[in-house]
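Take a look at the structure set out below.
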Amino acid sequence: LSAKGVPIIDTQWIAAGEALTAGALFAALGPDVVIKQQVGAGAYGQHRLIQGQTSDAMPIPTGRAMMAQPFMPAIVTEGEVSFLFAGDQISHALIKRPKPGDYRSQGQYGAEETALDMGPDAPAQNLQDLAAARHVLDVICRQFPSEPPLYARIDMVRGKDGRLRLMEAELIEPYLYPLQGPRLGDVMADALARRLGDRE
């Protein structure tokens, strides 16, 4: 996705069993780093390493394939923004704000999940952010022109330059936040009807 113009967070991919220290990640990504499993959910197995609080000599646990990224300050100052699509239609969007003192944006850790207005009269910033999420989805759909994803959750966080950057493109059974999206059922039904109609 990055090679096709999607702005992402700088990422270092770590193979299972790779010998690596916190100092090596600080040198590559900066003084505040988050490491997480390449395959996981709900921040399980995720760690935040802060230079000065974490020894540079600390070995990185790599029993499974991991990924390391610089910590994004906007995750706590603004929150993580999720856009829910069915077919090519936006169903709803929400912002997930971690509880004070935490950086994890999942509700099970106390994050606040608030719906965002994505209608035609929504604030200009919301519509600009929606365009950024649509760009991600468009790039994905171009990779699968014969059968684009039926649904998608595009999770993004704002970089220091003000642009949203992709955190995750959830395409396989993501949680769709139905409480924040009262239109989800109708939009999903329409997308499914169009998909089935194309096969008749």
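The values are calculated or read from the model by the stated rules, or taken from the named source; none is laboratory data. The structure presented is a predicted model; accordingly, all values stated were derived computationally and were not measured. Cβ placement follows ideal geometry from the backbone for every residue including glycine, while neighbour counts extend to all protein chains displayed. To get the accessible areas, we keep the full protein, side chains included, count just its heavy atoms, and leave off ligands, DNA and RNA. Shrake-Rupley method; radii C 1.70, N 1.55, O 1.52, S 1.80 Å.
The residue among A16, I154, L84 whose Cα reaches farthest toward the positive pole of the charge dipole of the chain, with charges on the beta-carbon of Lys, Arg, Asp and Glu, is A16. Of the whole protein surface, H47 contributes about 80 Å² of accessible area at a 1.4 Å probe radius.
Take the Cβ atoms of A193 and T77, set R0 to 41 Å, and the FRET efficiency comes out at 0.50. For region 97-106, backbone phi angles converted through the Karplus equation (6.51, -1.76, 1.60; θ = phi - 60°) give residue-by-residue couplings of 9, x, 5, x, x, 10, 10, 7, 9, 8 Hz, Gly and Pro being listed as x. For S91, the residues whose amide H sits under 5 Å from its own are L84, F85, A86, ignoring neighbours fewer than 5 places away on the same chain, with H placed 1.01 Å from N. The string of couplings for region 84-96 from the Karplus curve (6.51, -1.76, 1.60, θ = phi - 60°) is 10, 10, 10, x, 9, 9, 6, 8, 6, 9, 8, 10, 10 Hz, one whole number per residue in order, with x for Gly and Pro.
Over the chain, with a Gaussian network built from C-alpha contacts below 10 Å, which listed residue (L130, L20, L184) shows the highest mean-square fluctuation? Most flexible of the set in this elastic network: L20.
Each residue was assigned an accessible area with a 1.4 Å probe, and for D56 the value is about 80 Å².
Model label sites at D161 and A19, defined 7 Å from Cα along the beta-carbon direction, differ in position by 3.7 nm. Accessible surface calculations at 1.4 Å, restricted to protein heavy atoms, place region 27-68 at 55 Å² per residue. Amide H to amide H distances under 5 Å link M58 with A22, G23, where only residues 5 or more positions off or on other chains count and H is placed in the peptide plane. The charge dipole of the chain, taken about its Cα centre with unit charges on the Cβ of Lys, Arg, Asp and Glu (plus for the first two, minus for the last two), comes to roughly 280 debye.
Per the helix-only calculation at 222 nm, which mean residue ellipticity applies to the chain, given -39500 (n - 2.57) for every DSSP H run of n ≥ 4 and division by its residues, nearest 500 deg cm²/dmol? Only helices count here, giving -7500 deg cm²/dmol.
Counting only residues 5 or more places away or on other chains, whose amide H sits under 5 Å from the amide H of M167 once H atoms are built in the peptide plane? Answer set, sorted by chain and number: D155, M156, V157. For the chain, the fraction of C-alpha pairs more than 28 angstrom apart is 32%. In the chain, a dipole from Cβ-located charges (positive for Lys and Arg, negative for Asp and Glu) runs towards its positive end, and of L179, T114, P98 it is P98 whose Cα lies farthest in that direction. Charged side chains reduced to their Cβ positions (Lys and Arg at +1, Asp and Glu at -1) give region 113-200 a dipole of some 280 debye around its Cα centre. Normalised per residue, the accessible area of region 129-175 is 54 Å², obtained with a 1.4 Å probe and no contribution from ligands, DNA or RNA. Of the accessible area of the chain, computed with a 1.4 Å probe over protein heavy atoms only, carbon and sulfur atoms account for 53 percent. Sequentially through region 18-32, phi angles give Karplus couplings (6.51, -1.76, 1.60; θ = phi - 60°) of 5, 7, 8, 10, 4, x, 5, 6, 4, 5, 8, 10, x, x, 9 Hz, Gly and Pro residues having no value and appearing as x.
Give the residues of region 101-121 whose amide nitrogen is closer than 19 Å to a point set 7 Å from the Cα of Y175 in the direction of its Cβ. What the label zone holds, given the 19 Å backbone N cut-off, is 101-116. One chain, two ends: Q53 and D10. Fully extended at 0.36 nm per residue, the span grows by 13.3 nm beyond their Cα-Cα distance.
For region 114-190, the spherically averaged projection of the C-alpha convex hull amounts to 6.1 nm².
Among S105, S146, the sequence by solvent-accessible area, most first, with a 1.4 Å probe is S146, S105.
Look at the dipole of region 1-147 built from charges on Cβ: of C141, F26, A57, the Cα furthest out on the positive end belongs to A57.
Within the assembled protein chains, the solvent-accessible surface assigned to I9 is about 10 Å², based on a 1.4 Å probe.
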